[in-house]
Amino acid sequence: MNQKKLLELALGKGGDYADLYLEQSLFHEIILRDGKVNAADTNSEGGLGIRVVKGQNTGYAYTESSFAHDREKAAKTASYIADGTITPKGPARFTTLKLPDRYNILTPWDSISPQKKMPYLYELNELIFSADKRVKKVTARLADSTSHIEYYNSLGIHCTDIRPLASLSVSCIMEENSQRETASASRSFRMGAEFLRPDLIKELAREVVSRTAFLFGAGQPHGGVMPVVMSAGSSGILLHEAVGHAFEADFVRKNTSIFSDKMGKRICRPGITVIDDGTIPANRGALNVDDEGVPGQKTYMVTDGILTSFLHDRISARFFNVQPTGNGRRESFRYMPLPRMRTTYMENGTDSEESLIASVKKGLYVDSFSNGQVQIGAGDFTFFVKSGYLIENGKLTQPVKDTNIIGNGPQTLAKITGVGNNCLIDNGTWTCGKEQSCEVSCGMPSVLVSSLTVGGRL
């Protein structure tokens, strides 16, 4: 296929910019239920996505065909976002980007048969059942994929990337005196089959058993407005959902983000720094290069309490006359890229988690979440808390479960009065569903929020 010719066809109606995104992906999955690996799936897909930009408008077309005439038809279809006719010119030559390797594959997934993967699920199942006599059911899922990406644009940029992804998730159901409880645990990294390690299996087994057993002694707290200490790690979902989306520059460009007019202004107390990072080796959110040919990078959104950057793709960067931040991401070749997060977290503060808890007379400590809802423009959120503790007179007391915390993202960020020194990235199977699905990660140190609304018993 002649990439230069496709770009010329895409620009044939007078487009300002065009790019080509070629993908070939292979997916594997095996599932254990009722003590047996009884489901397996292999799937491959591939194709070409072609985007044309004219002013603030975008045309997009894709094809799964490798035939030249089908790809040329897709290029012409995307070109109709523009309404003129010119004699287009593609780049005289392509410059191939030299990229770091943040997810070095030691053992390709294609070299590992399902039979070699199955013992890890059986070991996980056995460890969980042997850990607690209350265990009634275990479901485990091992999934891996490898995506080969090639990208060209009308600026003359060319790059390639091979992206692995491995995920292992497990859920456990326990029963005691007619009470049934369930919990889950997962890990996901951009790694080859070296992901499968005995210590990973043991870690997940301990975690899911502990989480499920915890729930038998937990109850719902009384509701009300109170201080909340959010634990390190998975509490980073608050940053992603309630704050991070409002920093994505497509919302800012459309003036639907509450932060649209806050650039350069203080939005929270000094000492708080919030980052979106594509450079953490092997992390689920890591990127050598984004889906627009921009190298992965580390973006400081909030620096010492000041809003210092939004998350940009090429379109928003051009609108704001800034450099793209490597956040142009897409689910597959079937979708055009949008500003999307990678790994979003808060840097360490100076407090210990113990001192944050000790400062609270009556409040709530939360340490795991199962889902939530966020109104991106305004930042209003509701998160479902799977587990935590009451805080009474500076100490963790009664275990709690199945409650909600309710608040507003920007207001909550401004109400953070203490930041721990224990930042932790949660390496679970986080997926962002903004119009299309993308793998992400999140994290934070423990933080004290001076007041949030907690749902619960009256």
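Only the coordinates and a few stated rules stand behind these numbers; no lab work does. Just so you know, these numbers come straight off a predicted model, no measurement behind them. As a convention, Cβ positions derive from the backbone with ideal geometry for all residues, glycine included, and neighbour counts pool all protein chains shown.
If I compute Cα Rg over 2.2 N^0.38 Å from the structure I just sent, which labelled value in (1) 1.06; (2) 0.98; (3) 1.29 lines up? Answer label, from the structure shown: (1).
Going from the residue with the fewest nearby Cβ atoms within 10 Å to the one with the most, Ser446, Ser231, Ser147 rank Ser147, Ser231, Ser446. Each principal axis of segment 211-331 carries a Cα extent, and these read 54, 33, 26 Å when sorted largest first. Sequence-ordered 3J(HN,Hα) estimates for segment 371-380 from the Karplus curve with 6.51, -1.76 and 1.60 and θ = phi - 60° stand at 6, x, 10, 9, 8, 4, x, 8, x, 6 Hz, glycine and proline given as x. Length available on full extension from Leu155 to Asn104: 0.36 nm per residue minus the Cα-Cα distance, which gives 15.5 nm. By the count of other C-beta atoms within 10 Å, a proxy for reagent exposure, Glu23, Glu207, Glu64 are ordered fewest to most as Glu64, Glu207, Glu23.
Between helix 114-131 and the chain there is an angle of about 20 degrees, using the helix long axis and the longest principal axis of the Cα atoms. Toward the positive end of the charge dipole of segment 224-454, with +1 on the Cβ of Lys and Arg and -1 on the Cβ of Asp and Glu, the farthest Cα among Val454, Gly233, Ile258 is that of Ile258.
How much FRET efficiency would the formula 1/(1 + (r/R0)^6) give for Asn421 and Ser260, where r is the Cβ-Cβ distance and R0 is 30 Å, rounded to 0.05?
0.35
Going from the fewest other Cβ atoms within 10 Å to the most, the residues Thr453, Thr325 appear in the order Thr453, Thr325.
Computed from backbone phi, the HN-Hα couplings of segment 395-403 come to 10, 6, 10, 6, x, 10, 8, 6, 10 Hz, rounded to whole numbers (Karplus: 6.51 cos²θ - 1.76 cosθ + 1.60, θ = phi - 60°; Gly and Pro given as x). Find out how many positive minus negative residues lie around Val274, taking Lys and Arg as positive, Asp and Glu as negative, among other residues whose Cβ is under 11 Å from that of Val274. Computed value for this residue: -4. Between Glu435 and Gln411, the modelled labels are 2.9 nm apart [label points 7 Å from Cα along Cα→Cβ]. Its relative contact order, with pairs defined as Cα atoms under 8 Å and 6+ residues apart, puts segment 3-217 at 23 percent. Placing unit charges on each Cβ (+1 for Lys and Arg, -1 for Asp and Glu) gives segment 266-383 a dipole about its Cα centre, and among Leu311, Cys268, Ser359 the Cα reaching farthest toward its positive end belongs to Leu311. Summarising the amide proton neighbourhood of Gly418: residues at separation of 5 or more, or on other chains, whose placed amide H is nearer than 5 Å comprise Leu448. Dividing the summed -39500 (n - 2.57) terms of all DSSP H runs of n ≥ 4 by the residue count of the chain sets its mean residue ellipticity at 222 nm at -5000 deg cm²/dmol. To the nearest ten degrees, helix 68-79 and the longest principal axis of the Cα atoms of the chain are 80 degrees apart. The local environment of Val209, defined by Cβ-Cβ distances under 10 Å, has a net charge of +1 under the rule Lys, Arg +1 and Asp, Glu -1. Label positions at Asn57 and Thr397, each projected 7 Å from the Cα along the C-beta direction, are separated by 6.4 nm. A cut-off under 14 angstrom between Cβ atoms defines the neighbours of Asp367, and their net charge, with Lys, Arg +1 and Asp, Glu -1, is -1.
Quick one: plug the Kirkwood hydrodynamic radius of segment 305-430 (C-alpha pairs) into Stokes-Einstein at 20 °C, 1.002 mPa s, and report D in µm²/s. Translational diffusion coefficient: 122 µm²/s.
In segment 224-454, Cα pairs under 8 Å separated by at least six residues give a relative contact order of 30 percent.
Per residue, the average separation of C-alpha pairs within less than 8 Å and at least 6 apart gives the chain a relative contact order of 16 percent.
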